[in-house]
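First comes the structure, then the notes that go with it.
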């Protein structure tokens with residue numbers, strides 16, 4: 001038996017001492033998955049918010065967010081040269097402690113704020129691994145606000161009415 005989403009939300013806020021916006025998982029809206037192997041049942045099981053594929057930070061191989069359906073998801077935009085970068089440590093500890101109970105953290109590096117993530121995906125991956133031993137899923141650098149925002153962050157902004165104002169902005173997504 002895992003922690004309830006509200007318990008995990010409180011733990012996230014306490015550990016990171018920053019606000020996370022909690023949103024419920026919208027239902028799938030008939031979007032198609034890109035994998036030919038995906039059955040109609042798995043499309044229905046994957047909420048519309050997660051029906052996207054993003055390149056993994058380490059090797060840019062495509063990763064479907066549907067693999068995280070049914071979990072409590074903390075989405076974070078990150079940066080390596082920010083005063084908040086030390087939050088990687090708390091995020092990794094949180095992930096290691098609660099991943100077995102249904103929490104997943106998804107990191108999205110972004111250079112949108114103060115040019116604090118100027119490096120290549122490989123350099124960012126090396127920094128995360130070597131400095132903070134990051135094991136939670138990290139995705140390739142992308143924009144998280146404005147017209148150029150990646151589709152997940154566009155949807156999160158639309159659902160919450162809130163866009164990242166700086167690095168390490170968090171969205172907490174309930175599995176229900």
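Annotation: peptides 88-95, 142-149, ranked by per-residue average of other Cβ atoms within 10 Å with the highest first, follow the order 88-95, 142-149.
Given segment 33-176, what whole percent of its Cα pairs are spread farther than 22 Å?
Taking all Cα-Cα pairs of segment 33-176, the fraction more than 22 Å apart is 37 percent.
Between residue 101 and residue 129, the simple spin-label model (points 7 angstrom out along Cα→Cβ) gives 3.0 nm. Between residue 89 and residue 56, the distance separating the two model label sites (each 7 Å from Cα on the Cα→Cβ line) works out to 2.8 nm.
Our estimate of slack between residue 174 and residue 67, defined as 0.36 nm per intervening residue step minus the Cα-Cα distance, is 37.0 nm.
Projected over every direction and averaged, the convex hull enclosing the alpha-carbon atoms of segment 47-91 yields 4.0 nm².
Coordinate-derived values only; no laboratory data. All values derive from a computational prediction rather than experimental measurement. A quick note on method: Cβ atoms are made from the backbone with ideal geometry, for glycine too, and the neighbour counts reach across all protein chains shown.
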